[in-house]
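Engineer: For reference, the structure I am asking about is given below.
The values are calculated or read from the model by the stated rules, or taken from the named source; none is laboratory data. Since we're looking at a predicted model, the values are computed, not measured. Neighbour counts run over all protein chains shown; Cβ positions are idealised from the backbone, glycine included.
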Amino acid sequence: MNPLLKKAVEARENSYSPYSKFAVGAALETVDGEIFTGCNVENASYGLSICAERTALVKAVSAGARKFKRLAIVADTPEAVTPCGMCRQMLIEFSPGLELILANTKGKTEKINLSELLPKAFQLTRQV
């Protein structure tokens, strides 16, 4: 198994998803090779929940990381799971060329570039 995907699988084990029962894990790799993991954390007020991808991103940015090369995501879905629209927009702010390793718990994987999932993304002219 890909080492980054393995970290995402491990992060999924910490998911707090009592409402949806939809546990997701993510592992975000910086251009320097540092890895930040995240899981989804739900709240009784659904709008306050946060996805695994954004958890990993916020942890990374709060630690000073700004440039990323790969993100692995895993969930128990029939097909490899993709990030939601909110996560796509947050990620593209920092790494439009981010490689995504999408997976399900049964071993199905797929690689795709973030810009393919969010073409013509909203971006200001400022560079990170």
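Engineer: Has region 11-25 got at least one residue that is in a strand (DSSP E or B), closer than 17 Å to GLU110 by Cβ and either modelled with pLDDT of 95 or more or out of contact with any helix residue (DSSP H, G or I) (no Cβ under 8 Å at 6 or more places or on another chain) (or both)?
Structural biologist: yes
Engineer: Let me ask something additional. If we keep just the residues of region 79-104 that are touching a helix residue (DSSP H, G or I) at 6+ places or on another chain (Cβ under 8 Å) and polar (S, T, N, Q), which is nearest to THR30 (Cα to Cα)?
Structural biologist: Top of the filtered list is SER95.
Engineer: Within region 17-71, count every residue that is crowded, with 20+ Cβ neighbours inside 10 Å, hydroxyl-bearing (Ser, Thr, Tyr) and touching a Phe, Trp or Tyr at 6+ places or on another chain (Cβ under 7 Å).
Structural biologist: The qualifying residues number 0.
Engineer: Quickly run through region 63-97 and pick out the residues that are more than 23 Å from LYS120 (Cβ to Cβ) and either touching a Gly at 6+ places or on another chain (Cβ under 9 Å) or of a type in the set (Gly, Ala, Ser) (or both).
Structural biologist: Selection gives ALA63, GLY64, ALA65, ALA72, VAL74, ALA75, ALA80.
Engineer: I've got another one for you. With respect to ALA56, is the statement that it is touching a Leu at 6+ places or on another chain (Cβ under 6 Å) and among the small types (Gly, Ala, Ser) true?
Structural biologist: yes
Engineer: Moving on. Within region 25-66, track down each residue that is within 24 Å of ASN2 (Cβ to Cβ) and of a type in the set (Gly, Ala, Ser).
Structural biologist: If the condition is that a residue be within 24 Å of ASN2 (Cβ to Cβ) and of a type in the set (Gly, Ala, Ser), then GLY25, ALA26, ALA27, GLY33, GLY38, ALA52, ALA56, ALA60, ALA63, ALA65 are the ones that fit.
Engineer: Does ALA44 qualify as being under 21 Å from LYS67 (Cα atoms) and of a type in the set (Gly, Ala, Ser)? Step through it out loud before you land on a result.
Structural biologist: Details: under 21 Å from LYS67 (Cα atoms): no; of a type in the set (Gly, Ala, Ser): yes.
Judged against the criteria, ALA44 is not a match.
Engineer: Please verify whether region 86-105 includes one or more residues that are over 19 Å from ILE35 (Cα atoms), surrounded by fewer than 13 Cβ atoms within 10 Å (Cβ to Cβ) and either among the hydrophobic types (A, V, I, L, M, F, W, C) or at pLDDT below 95 (or both).
Structural biologist: yes
Engineer: So, VAL74, is that one closer than 15 Å to LEU4 by Cβ and either hydroxyl-bearing (Ser, Thr, Tyr) or loosely packed, with under 13 Cβ neighbours inside 10 Å (or both) or not?
Structural biologist: Considered against the rule, which asks whether it is closer than 15 Å to LEU4 by Cβ and either hydroxyl-bearing (Ser, Thr, Tyr) or loosely packed, with under 13 Cβ neighbours inside 10 Å (or both), VAL74 comes out as no.
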